[in-house]
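The values are calculated or read from the model by the stated rules, or taken from the named source; none is laboratory data. Computed from a prediction, not measured in an experiment: that's the story for all the values here. Cβ placement follows ideal geometry from the backbone for every residue including glycine, while neighbour counts extend to all protein chains displayed. Surface accessibility is based on the protein's heavy atoms, side chains included, excluding ligands, DNA and RNA. Shrake-Rupley method; radii C 1.70, N 1.55, O 1.52, S 1.80 Å.
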Amino acid sequence: MGKWIALLLFAASHVANGAEVTIRADVWYPHNGTPGSATPGYMIEIAQAAFAAKGINVNYDAMPWERALTLTREGKIDCVVGASPDDAPDFVYPTEPQGRNQNVFYVRQGNAWRFSDMASLANVKLGVIEGYAYADELDAYIEANKGTPKIQAVTGDTPLDQNIKKLLARRVDVIVESAPVLQAKLKEMNLEGKLDAAGDAGEADDLFIACSPKLPAAPEYARILTEGTQTLRQSGELKKILSKYGLSDWK
């Protein structure tokens, strides 16, 4: 017990001395948006409020998702935003999620294809983002078919833009993406109405700001995020943050 208390005290002192937490991911608006903008994403605003209450600044910037995961796993970055345990099971997670996501298949407007089960993917080219976790069964399908024409994976700073353009150019038949993210991106690109939803890709998932397993302060950061999210919900501030992005509380 004494050793556990000492570890907690060490983590707390590390947090107090750091005064800044680094958070990274590729832009996945409205979950996380353009760094430094008036709309950095509802999950970033939750983090900013939670950490500010403890006198800690949030240093948020964008980078490719795979690189963000790698650098966080190595302890060079503190946390990633928009993660689920399927993305990085070794990371340290809050017990309270900072968001919610439903992945959906999309096709070009007028395409009659609809997802019914995994067999329905057999004759289509699926556009995905490298390193993303979608749903257990779909992730297994993607892994099993990597390197074949059935799976077209993109990376970089604007992977969703790439997938939408590939879909409209008929280089892929179907893409899979977070429903609120896809709708926000189509609006940004002036492409509203160009794609049709073609079925849910698994159940909705909780989203978290997850921290490095090598970071001594990670358990304390997870606690701050958990308590901060709960406080924002109880005070009504979470509702205000979400409404700014056209969303409602997932609970």
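Miscellaneous remarks
- Filtering the range 157-185 to residues that are within 20 Å of the chain's Cα centre (by Cα), assigned to a helix (DSSP H, G or I) and farther than 29 Å from GLU96 by Cβ leaves ASP161, GLN162, ASN163, ILE164.
- Note on the range 165-185: residues that are open to solvent by 40 Å² or more (accessible area, probe 1.4 Å) and of a type in the set (A, V, I, L, M, F, W, C) total 2.
- For SER116: the one exception among (1) open to solvent by 20 Å² or more (accessible area, probe 1.4 Å); (2) of a type in the set (Ser, Thr, Tyr); (3) not in a loop (DSSP other than H, G, I, E, B): (3)
- Of all residues making up the range 121-156, the number that are outside any loop (DSSP other than H, G, I, E, B) and loosely packed, with under 15 Cβ neighbours inside 10 Å: 5
- Here the range 219-242 is the region considered, the condition is being touching a Phe, Trp or Tyr at 6+ places or on another chain (Cβ under 8 Å) and among the small types (Gly, Ala, Ser), and the residue that is nearest to VAL124 (Cα to Cα) is ALA222.
- Test result for LYS239, assigned to a helix (DSSP H, G or I) and of a type in the set (Lys, Arg): yes
- Test: LYS244 is loosely packed, with under 14 Cβ neighbours inside 10 Å, without any contact (Cβ under 8 Å) to a residue 40 or more places away in the chain, among the basic types (Lys, Arg) and on the phi < 0 side of the Ramachandran plot: no
Quick grid of which residues meet (1) modelled with pLDDT under 95; (2) within 15 Å of the chain's Cα centre (by Cα); (3) within 26 Å of ARG233 (Cβ to Cβ); (4) of a type in the set (Asp, Glu):
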residue: ASN57; (1), (2), (3), (4): no, no, yes, no
residue: GLU74; (1), (2), (3), (4): no, no, no, yes
residue: GLN109; (1), (2), (3), (4): no, no, no, no
residue: ALA153; (1), (2), (3), (4): no, no, no, no
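- Residue check for LEU215: in contact with a Gly (Cβ under 9 Å, 6 or more places away or on another chain), modelled with pLDDT of 95 or more, in a loop (DSSP other than H, G, I, E, B) and crowded, with 20+ Cβ neighbours inside 10 Å: yes
- Of the residues making up the range 186-212, those that are open to solvent by 10 Å² or more (accessible area, probe 1.4 Å), more than 15 Å from the chain's Cα centre (by Cα) and not acidic (Asp, Glu) are LYS187, MET189, ASN190, LEU191, GLY193, LYS194, LEU195, ALA197, GLY199, GLY202.
Listed here are the residues, each with its yes/no results for (1) open to solvent by 30 Å² or more (accessible area, probe 1.4 Å); (2) of a type in the set (Gly, Ala, Ser); (3) in contact with a strand residue (DSSP E or B) (Cβ under 8 Å, 6 or more places away or on another chain); (4) touching a residue at least 40 places away in the same chain (Cβ under 8 Å).
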{"residue": "ARG24", "(1), (2), (3), (4)": "yes, no, yes, yes"}
{"residue": "TYR29", "(1), (2), (3), (4)": "yes, no, no, yes"}
{"residue": "ALA38", "(1), (2), (3), (4)": "yes, yes, no, no"}
{"residue": "TYR42", "(1), (2), (3), (4)": "no, no, yes, yes"}
{"residue": "ALA47", "(1), (2), (3), (4)": "no, yes, yes, yes"}
{"residue": "ALA50", "(1), (2), (3), (4)": "no, yes, no, yes"}
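- Qualifying residue in the range 10-19 (condition: in a helix (DSSP H, G or I) and either crowded, with 21+ Cβ neighbours inside 10 Å or at pLDDT 95 or above (or both)): yes
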